[in-house]
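The values are calculated or read from the model by the stated rules, or taken from the named source; none is laboratory data. Just so you know, these numbers come straight off a predicted model, no measurement behind them. Cβ placement follows ideal geometry from the backbone for every residue including glycine, while neighbour counts extend to all protein chains displayed.
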């Protein structure tokens with residue numbers, strides 16, 4: 001086996017992509033800084049119990065694990081940075097008011113999330129702790145849309161959902177956890193045949209509501225109107241639908257299309273309220289995800305109201321139009337004070353100046369240069385190649 005080959009769904013970032021992704025990362029973090037979000041950089045690995053969210057088999061399956069040779073305990077490579085920011089908020093910062101945090105770093109998945117996805121994502125995101133109202137949901141969603149626009153992602157479709165609808169149906173029936181998990185899986189995959197089978201023996205009100213959820217998808221006003229007719233008049237469901245209506249009306253100026261998807265239970269095991277996903281016509285998968293997760297802090301001994309979003313910069317990069325590369329200036333390798341001064345001036349002005357150590361004119365394009373420094377009339381001048 002050739003030892004330069006990488007594992008499946010693991011790729012290097014070559015210069016063009018790496019520089020563009022780094023530029024996007026800097027733009028994102030600068031936007032977050034201007035909105036009062038503070039940067040944190042959690043470690044790539046922790047003890048497994050800190051990273052594996054209680055009750056989430058999905059997070060467990062996504063995480064690489066290994067044994068710590070110092071302690072003998074199981075470590076995990078992070079598959080999501082959100083639990084780490086919740087830990088930092090709960091114990092390291094321990095603030096009583098609203099805390100805004102942001103991050104940018106690699107995460108690793110045991111399986112790719114899609115056919116064209118990598119298993120090493122460059123995850124960026126923002127989390128808001130200490131506020132449980134719609135105002136913080138709206139702030140996070142608006143910030144996500146502003147971030148996508150800033151990075152150059154246009155024509156975004158946004159789907160809103162609310163795990164409170166499914167939770168309300170479950171809490172009013174007392175179904176066992178195994179059946180609840182099976183219903184969750186069927187709804188998440190929109191498997192109508194499985195839903196028909198699983199709900200066959202249930203109460204008619206519950207059965208009809210569960211069968212309706214996969215169809216409650218599409219235009220905001222239309223879906224919410226049908227949901228109020230087809231779902232039970234539980235107070236929790238009414239509140240969830242009211243919240244979706246309020247938020248969707250405020251987001252429309254920022255996004256080309258807002259829809260509702262009441263069967264979207266992504267992150268159900270730790271999300272506690274409104275969830276959202278952004279889509280783009282050139283991507284098979286969601287390009288940004290988020291939602292409210294007020295209960296996650298319990299795993300760290302301090303529950304806090306929380307909402308946030310995350311994106312993968314490597315996925316977003318593939319949606320951007322090709323960008324012309326700004327080429328640099330090639331400089332000869334000479335011990336010349338005037339040449340050194342000229343190179344310093346050009347670099348101070350923002351130019352890339354590459355010293356040609358080999359002096360081979362046929363290899364200059366490999367140096368990514370379209371100009372060269374030449375000595376003319378006693379001074380060093382930039383000349384086009």
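List of remarks:
- Residue check for residue 179: modelled with pLDDT under 90 and in contact with a strand residue (DSSP E or B) (Cβ under 9 Å, 6 or more places away or on another chain): no
- Some residue of segment 148-159 being in a helix (DSSP H, G or I), crowded, with 19+ Cβ neighbours inside 10 Å and touching a helix residue (DSSP H, G or I) at 6+ places or on another chain (Cβ under 8 Å): yes
- Criterion (free of Cβ contacts under 8 Å to residues at least 12 places away in the same chain and more than 30 Å from residue 49 (Cα to Cα)) met by exactly one of 356, 370, 335, 282: 335
- Residue selected from segment 229-240 under the condition touching a helix residue (DSSP H, G or I) at 6+ places or on another chain (Cβ under 7 Å), in contact (Cβ under 8 Å) with a residue 60 or more places away in the chain and in a helix (DSSP H, G or I), by the criterion surrounded by the fewest Cβ atoms within 10 Å (Cβ to Cβ): 236
- Looking only at segment 179-194, and only at residues there that are assigned to a helix (DSSP H, G or I) and in contact (Cβ under 8 Å) with a residue 60 or more places away in the chain, the one that is farthest from residue 57 (Cα to Cα): 187
- All of 69, 2, 84, 27 fail the test of being loosely packed, with under 15 Cβ neighbours inside 10 Å and in contact with a helix residue (DSSP H, G or I) (Cβ under 8 Å, 6 or more places away or on another chain), apart from 27.
- Some residue of segment 195-211 being assigned to a helix (DSSP H, G or I) and either at pLDDT below 85 or outside the structural domain of residue 261 (by TED's automatic domain parsing) (or both): no
- Residues that are farther than 28 Å from residue 319 by Cα and crowded, with 22+ Cβ neighbours inside 10 Å within segment 274-303 comprise 293, 296, listed in sequence order.
- Checked against the criterion of being surrounded by fewer than 23 Cβ atoms within 10 Å (Cβ to Cβ) and either over 23 Å from residue 32 (Cα atoms) or more than 15 Å from the chain's Cα centre (by Cα) (or both), the candidates 176, 137 yield just one match: 176.
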